[in-house]
Every structure is written in structure tokens, then in C-alpha cells.
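Engineer: Okay, here's the structure, questions in a sec.
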Amino acid sequence: MTTLYGISNCNTVKKAKDWLQDKNIDFQFHDFRKQGLSAESLESFEAAVGWEKLLNKQSTSWRKLTDDQKANISKRTALQFMLETPTLIKRPVLDTGEKLIIGFKADIYQKEL
């Protein structure tokens, strides 16, 4: 089963949901805010794409980190921060069971799905 991870009020997540529905692709939605995120899921995301690609440095959650936290970011601290504050994860995360797609671009979804 394909799972779309994100937060429901994110415009990019809404675009991805609309695209998947328009293409009649069956998926379930997992809201980070409401349902949380397990350490196991985050670790599997990181193993597939790397923590640097997962970390959303454009988010307001990133801007709320101290300069010291940002300067000393590492895989360990990034995963810890993302687990504590899932809005630090670039959205959406689409898990097809075979591949993981970070972010939404219609042309990439079209090519990969």
C-alpha cells in the first residue's frame, strides 16, 4: 500500500494528494502531527534517501532551532530533531513500498509512478 506522509495543512502535501487522486492511485495518508512518526519509520526513510535530503531547512521549525543547533547538525541530531518535531521533515514523503519520493513535483511523480 502506498502511503503519503505529511501534515494536512501543507500546500505541497495537498497538491500531492490531489495528483494521486486525479491519477486514481490508491494511497493512505499519514499525518505526522496527528499520528506521529515512529523511530523505525524515520530510520527507514533515512536509510533510503539520507538525512540531509529529509531535513527541511526551509521550514519554520528549522528557523526555530538555535544557531548552535543548526551549526552542529549531524545525522544523529537531525534524526533526533525530526523525531521530536516531524515538521522538520521535508514534505510530502511518498512511500510506494518499492521507493521513497521526497517532496512533490508532478513530473517526478509521473515518471516514478
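Engineer: By how many degrees, 0 to 90 and rounded to 10, does the Cα axis of helix 75-84 deviate from the longest principal axis of the chain?
Structural biologist: That helix lies at roughly 70 degrees to the long axis.
Engineer: Within a Cβ distance under 15 Å of Leu113, other residues only, what is the Lys/Arg minus Asp/Glu net charge? It would help to have the intermediate numbers written out before the result.
Structural biologist: On the way: positive: Lys15, Lys17, Lys23, Lys99, Lys105, Lys111; negative: Asp18, Asp22, Asp26, Asp95, Glu98, Asp107, Glu112.
Spelling it out: positives minus negatives among the neighbours equals -1.
Engineer: Given q = 0.17 Å⁻¹, what are the Debye log10 I(q)/I(0) values for the range 48-113, with equal point scatterers placed on the Cα positions and solvent ignored?
Structural biologist: -0.63
Engineer: What's the local net charge at Arg63, with K and R +1, D and E -1, over the other residues with C-beta under 15 Å away? Walk me through the numbers on the way to the answer.
Structural biologist: Details: positive: Lys57, Lys64, Lys70, Lys90; negative: Asp67, Asp68.
Around Arg63, the charge tally is +2.
Engineer: Could you work out the equivalent-ellipsoid semi-axes for the chain, taking the square root of 5 times each eigenvalue of the Cα gyration tensor, largest first, in whole Å? Write out the running numbers ahead of the final one.
Structural biologist: Working: eigenvalues 122, 39, 32 Å².
Its equivalent ellipsoid spans semi-axes of 25, 14, 13 Å.
Engineer: Counting other C-beta atoms within 10 Å, and keeping those with at most 12, which DSSP coil GluC sites (Glu not before Pro) do you find in the range 58-113?
Structural biologist: Details: sites: Glu84, Glu98, Glu112; in loops: Glu98.
Within the range 58-113, the qualifying GluC sites (Glu not before Pro) (loop, at most 12 other Cβ atoms within 10 Å) are Glu98.
Engineer: Right, another one. For every helix of n ≥ 4 consecutive DSSP H residues, a contribution of -39,500 (n - 2.57) applies; sum these over the chain, divide by its total residues, and give [θ] at 222 nm rounded to the nearest 500 deg cm²/dmol.
Structural biologist: Details: 8 runs with 58 residues, N = 113.
Using -39500 (n - 2.57) per qualifying helix, the result is -13000 deg cm²/dmol.
Engineer: Pop out the ³J(HN,Hα) list for the range 26-39 in order, Karplus 6.51 cos²θ - 1.76 cosθ + 1.60 with θ = phi - 60°, rounded to Hz; leave Gly and Pro as x.
Structural biologist: After applying 6.51 cos²θ - 1.76 cosθ + 1.60, I find 6, 8, 10, 9, 10, 8, 4, 5, 7, 9, x, 8, 7, 4 Hz.
Bear in mind these aren't lab numbers, they're just calculated from the coordinates by the rules spelled out. Worth saying up front: this structure is predicted, and the values here are computed from it rather than measured. Note that we place each Cβ from the backbone using ideal geometry, even for glycine, and neighbour counts take in every protein chain shown.
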